[in-house]
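Taking it in order: structure first as structure tokens, then the write-up.
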Amino acid sequence: MARFVVEVIDGLDLSRLTRQYAGRGSKAHHPATLLAILVYGYSTGVFSSRKLERATYDSVAFRYIAAGRHPDHDTLATFRRRFIDELAGLFVQVLEMAREMKLLKMGTVCLDGTKIHANASRHSALSHGHIVKLEEQLKVEVQELLALAEAADTANTPDGMSLPKELQLRQDRLAAMAAAKSKIAARAAERYARERAEFDEKMNKRQAKADETGKKPRGKAPVAPEPGVRDSDQINRTDEESRIMPVSGGGFEQCYNAQAGVDANTMLVVATTLTQAPNDKQQVQPMLKVLQAQEAKLGTASTLIADTGYCSENNVKACEEAKLVPLIAVARQDHHPHWRERFTEPAPLQTDATPMQAMTHRLATLAGRAAYAVRKQTVEPVFGIIKSVLAFRQFSLRGLRKVTGEWNLVCLAWNVKRMAVLRPKVG
């Protein structure tokens, strides 16, 4: 595996990395060496820069990759942060290499998402309602301390207490909370604009349907969103761009929602995105844009398979516009269906069927059910191995941009590991 990683890295175009070195100061470690250490580390479950440094002394594989040198943990961490944006291009280069090796041929892509913990605790999150209460408490304490300072000649202050220090501490907290409130208010304004646009679109559709049929549309009318900040709106003091999300098994954690499109034949990750939204419904179109941007280098996908969390009429239409056959589950499947359902074809599709009806019919056919069943043995095992075997459950970096780059690094390392497994089967 170590030799294969070195071969892959040597085959990449690292000019965007190497030309950023100015040639000043002491002799630097070559970017190919540092990148190979990171890729091999992420593919074997070693993510900490300190553990990577230690491995260059203790592990024969890491000593081979580092060519007997020992980059310190600060060098490795700085390299990862500095070139995190370049990893998206290297991710595509590795896939191009897999295609040249006859390992990858784009066809069916299985899409799924997983919540990965941010490098921040959910206990560091503050809600707007809690901030308001803390502000009131701190303002009262500031007034008490000011009164105590004025009466310092006659009052007995506790031993070891510094009034200026205590006042400054509370004033700093008040300033930090004021900044947090302004950021929460900005997020609330963005949310209201988004929800208002969605509400207007729904109302326009209802009005168009009423004008067409001459009847009042059935069902409840959409409720207009309310502007302003909610008490439950939160911000995390450690990683402001992460979000509280529900996780499998119950409960809530500070996370990012990592998305991956996996090739059904090889289990190679062919496209990645990362979002702050806990819901997957809005992630089909960003993934389609990534696949379309890579068509010239990797080929064209033919089918997109996803679970019911991605199902919507807009997503089905977006797949058809991108010339992909959608197989998105419209509901949760029964684990123990009647035997007749497993061997019975549905009634013929109507000629005037909508795209959603056509996809529902396709999923009900024997061929459609067999094709959809592939999802469970492709993308879900990829996430399972990354999170349970390699133990990558938390990002090392902070911020949406950097975390997106680290997710690309994780998937790049997975692809190299997978290519090493598939390579002996060629020819």
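A few remarks follow.
- Placing +1 on the Cβ of every Lys and Arg and -1 on the Cβ of every Asp and Glu, with no other charges, gives segment 1-125 a dipole of roughly 240 debye about its Cα centre.
- Whole-angstrom gap from segment 40-76 to segment 208-230, using each part's C-alpha centre: 59
- Between SER302, SER242, SER59, the Gaussian network model of the chain with springs among Cα atoms under 10 angstrom shows the greatest mean-square fluctuation at SER59.
- Probe 1.4 Å, protein heavy atoms only - accessible area per residue of segment 85-182 in square angstrom: 56
- Per residue, segment 283-427 exposes 54 Å² of solvent-accessible protein surface, assessed with a 1.4 angstrom probe and all protein chains in place.
- Summed residue charge, Cβ within 12 Å of THR238's Cβ, Lys/Arg positive, Asp/Glu negative: 0
- Computing semi-axes √(5λ) of the Cα gyration tensor in Å for the structure here picks out one of [x] 33, 25, 22; [y] 67, 22, 16; [z] 44, 38, 18, namely [z].
- 222 nm mean residue ellipticity, helices alone, for the chain (DSSP H n ≥ 4; -39,500 (n - 2.57); rounded to 500): -16000 deg cm²/dmol
- Taking the chain as a Gaussian network of alpha-carbon nodes connected by springs under 10 Å, the highest mean-square fluctuation of the residues ARG69, ARG398, ARG332 belongs to ARG332.
- For the chain, size of Cβ-based charge dipole, Lys and Arg +1, Asp and Glu -1, in debye: 1200
- For segment 266-383, a crude dipole built from +1 on the beta carbon of Lys and Arg and -1 on the beta carbon of Asp and Glu, taken about the Cα centre, is about 200 debye to the nearest 20.
- Dipole of segment 90-171, positive end: most advanced residue of MET106, PRO158, LEU90 [Cβ charges, Cα centre]: MET106
- Those trypsin sites (Lys or Arg not before Pro) in segment 5-55 that DSSP places in a loop and that have at most 16 other beta carbons within 10 Å: ARG19, ARG24, LYS27
- The alpha carbons of segment 243-345 occupy a box of 43, 39, 28 Å along the principal axes, longest dimension given first.
- Note: relative contact order over segment 52-207, using C-alpha pairs below 8 Å and six or more positions apart, is 13 percent.
- Solvent-accessible area, 1.4 Å probe, carbon plus sulfur percent, for segment 1-135: 46
- Portion, in percent, of the accessible area of segment 156-241 that falls on carbon or sulfur, probe 1.4 Å: 50
- Spin-label proximity, SER232 to segment 129-149 - amide N less than 17 Å from point 7 Å beyond Cα toward beta carbon: 129-131
- For the peptides 38-47, 255-264, the ranking by mean Cβ contacts within 10 Å, running from highest to lowest, is 255-264, 38-47.
- Value in Å of the Kirkwood radius, where segment 306-382 supplies the Cα pairs that are averaged: 13.4
- Cα centroid separation - segment 332-377 against segment 313-330, whole Å: 15
- Loop sites in segment 174-251: trypsin sites (Lys or Arg not before Pro), DSSP, at most 12 other Cβ within 10 Å: LYS215, ARG218, LYS220
- Based on C-alpha pairs under 8 angstrom that are at least 6 apart in sequence, segment 330-427 has a relative contact order of 15 percent.
- The mean sequence distance of close C-alpha pairs (under 8 Å, at least 6 residues apart), as a share of the length of the chain, puts its relative contact order at 25 percent.
- Selected from ALA391, ASN408, ALA367, residue furthest toward positive end of dipole (segment 362-414; charges at beta carbon): ALA367
- Within the chain, the whole DSSP H helices whose Cα atoms reach 27 Å or more along their own axis and whose mean Kyte-Doolittle score is at least -1.0 are 128-150, 400-422.
- Counting Lys and Arg as +1 and Asp and Glu as -1 over every other residue whose Cβ lies under 13 Å from the Cβ of GLY113, the net charge comes to 0.
- Lys/Arg +1, Asp/Glu -1 at C-beta; the chain dipole; positive extreme among LEU145, PRO348, VAL262: PRO348
The values are calculated or read from the model by the stated rules, or taken from the named source; none is laboratory data. Every value quoted in this text rests on a predicted model; they were computed, and no experiment measured them. Cβ sites come from the backbone with ideal geometry, for glycine too, and all protein chains shown count toward neighbours. Ligands, DNA and RNA are excluded from the accessible area calculation, which covers all protein heavy atoms including side chains. Shrake-Rupley method; radii C 1.70, N 1.55, O 1.52, S 1.80 Å.
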